[in-house]
């Protein structure tokens, strides 16, 4: 693994940057995180009910 910085133009804002990997500059990443971040929310899920055509296991029902 190399720790060298590569010089390139930010694909988002076009500014010259020195970063380890190609992609948006630090300022653009922060702006995207702030603009696109969402809050977590609880989602209600209905209880599982098997379909009518599902039959119980015949081996488990043996007496």
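Just rank 49, 44, fewest to most, by other beta-carbon atoms within 10 angstrom.
44, 49
What ranking do 28, 13 get, fewest neighbouring Cβ atoms within 10 angstrom at the top? Write out the running numbers ahead of the final one.
Working: 28 16, 13 12.
Ordered by Cβ neighbours within 10 Å, fewest first: 13, 28.
So what is the orientation-averaged projected area of the range 1-53, using the convex hull of its C-alpha atoms, in nm²? Present the calculation step by step, with values, prior to reporting the outcome.
On the way: hull surface 33.3 nm².
It is 8.3 nm².
Can you compute the modelled spin-label distance between residue 29 and residue 53, with each label point 7 Å from Cα toward Cβ, in nm?
Result: 5.1 nm between the two label points.
Here, each number is a calculation from the coordinates, and none is a lab measurement. Note that the structure is a prediction, hence the values are computed from the model and not measured. In this analysis, Cβ positions are derived from the backbone assuming ideal geometry, glycine residues included, and neighbour counts consider all displayed protein chains.
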